[in-house]
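Here the structure is laid out as structure tokens; the discussion comes afterwards.
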């Protein structure tokens, strides 16, 4: 316990120095430092037990309802080290069939006045073969989600082949697979949320999943991650399509292209997806709209703008069953995981029997 609080205090002390440096370099250096600490056993002194507040979802047992969102560990290279922080589930990726560098740098921008980030990374990753090799080495005891997307060079009309290739490659090693069709940083990707495009994609991937289930003797759940920048009618239509095609969960939401909440701040006009505090209200609104429409027929994973435990509680009260963190970790450090877990466990204890 003392070591855990010391770790949180060290992060608070280090944050001003970290924020003075390039955001992407700090991101990479922090992951490397965590990995090295884990490898030599130092991180295990502060290791947090995963269990204590299990949630049954998608046919899986989640040790606790607080997870890591995709994007922080794109190559699945630090799963065990990140798992030691106490996440009940970890989602890694987005991975594409072929390695790609992503968009030109700089491509991550901090907006500290708003507790926000803008990123336009563009699915930079080492490709699915290296990704799978990393995942196979992991010994993480929680639920592992593997997030797949399409290569930037693949025309949107041929996107299905990339998703099919990604699903085939990661299927044997996934707790669940997330279909990312909502990043704003790959040209035309969000077009896959259109009615005809989504129907075609889900139909083909559901058929591929059934084939893989027979091959491996295990039905791996599929989740779809959607954008916050959708009209109400679009959200309901997507929800109906997910149910109709046997998708197992919806993740709400990805980053936003809206800028009203950060207008006038340094970097606010940079292209890319905005995450952090300004996304909280909109992502929670999408969770609530999904929940009211679905009425329990499809589980919801809430992500976006969780920077304090009350934000996680808000997502659950809006209808999410699980939550994911990312930008909040940049601003709050690993203490946020523990605080959210405690708040959600207390919320469950207070719930009527």
Filtered residues of segment 200-217 (kept if touching a residue at least 12 places away in the same chain (Cβ under 8 Å) and exposed (fewer than 14 other Cβ atoms within 10 Å of the Cβ))
216
Starting from residues that are free of Cβ contacts under 8 Å to residues at least 60 places away in the same chain and in contact with a helix residue (DSSP H, G or I) (Cβ under 8 Å, 6 or more places away or on another chain), keep the ones in segment 153-169 and report whichever is nearest to residue 103 (Cα to Cα).
154
Does residue 306 qualify as being touching a strand residue (DSSP E or B) at 6+ places or on another chain (Cβ under 9 Å) and either outside any loop (DSSP other than H, G, I, E, B) or over 30 Å from residue 103 (Cβ atoms) (or both)?
no
Residue tally, condition crowded, with 19+ Cβ neighbours inside 10 Å and either free of Cβ contacts under 8 Å to residues at least 60 places away in the same chain or farther than 19 Å from residue 116 by Cα (or both), over segment 309-327
10
Take the conditions touching a residue at least 40 places away in the same chain (Cβ under 8 Å) and under 28 Å from residue 48 (Cα atoms) and apply them to residue 133. Does it pass?
no
May I ask you to list pairs of residues, at least six apart or on different chains, whose Cβ atoms are under 7 Å apart, with the first in segment 99-120 being on the phi > 0 side of the Ramachandran plot and in contact (Cβ under 8 Å) with a residue 40 or more places away in the chain and the second being crowded, with 21+ Cβ neighbours inside 10 Å and assigned to a strand (DSSP E or B)?
115/276
Tally up the residues in segment 328-353 that are in contact with a strand residue (DSSP E or B) (Cβ under 7 Å, 6 or more places away or on another chain) and without any contact (Cβ under 8 Å) to a residue 60 or more places away in the chain, please.
1
Quick check on my filter: what residues within segment 42-61 are surrounded by 15 or more Cβ atoms within 10 Å (Cβ to Cβ) and either over 19 Å from residue 334 (Cα atoms) or in contact with a helix residue (DSSP H, G or I) (Cβ under 8 Å, 6 or more places away or on another chain) (or both)?
43, 46, 48, 50, 53, 55, 57, 58, 60
Restricting segment 140-155 to residues that are over 19 Å from the mean Cα position of the chain (by Cα) and surrounded by 15 or more Cβ atoms within 10 Å (Cβ to Cβ), the residue that is nearest to residue 63 (Cα to Cα)
152
Looking at (1) out of contact with any helix residue (DSSP H, G or I) (no Cβ under 7 Å at 6 or more places or on another chain); (2) farther than 17 Å from residue 198 by Cα; (3) surrounded by fewer than 19 Cβ atoms within 10 Å (Cβ to Cβ), can you tell me which one residue 173 breaks?
(1)
Looking at the structure I just gave you, is residue 266 surrounded by fewer than 15 Cβ atoms within 10 Å (Cβ to Cβ) and either over 20 Å from residue 65 (Cβ atoms) or touching a helix residue (DSSP H, G or I) at 6+ places or on another chain (Cβ under 9 Å) (or both)?
yes
Can you confirm whether segment 244-251 contains a residue that is touching a residue at least 40 places away in the same chain (Cβ under 8 Å), buried (at least 20 other Cβ atoms within 10 Å of the Cβ), touching a helix residue (DSSP H, G or I) at 6+ places or on another chain (Cβ under 7 Å) and more than 28 Å from residue 332 (Cα to Cα)?
yes
Among (1) more than 25 Å from residue 284 (Cβ to Cβ); (2) in contact with a strand residue (DSSP E or B) (Cβ under 9 Å, 6 or more places away or on another chain); (3) buried (at least 19 other Cβ atoms within 10 Å of the Cβ), the one test that residue 159 misses
(2)
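Throughout, read-outs are computed from the coordinates displayed, never taken from laboratory work. Owing to the predicted nature of the structure, the values given are computational and were not obtained by experimental measurement. Virtual Cβ from ideal backbone geometry, glycine too; neighbours counted across all protein chains shown.
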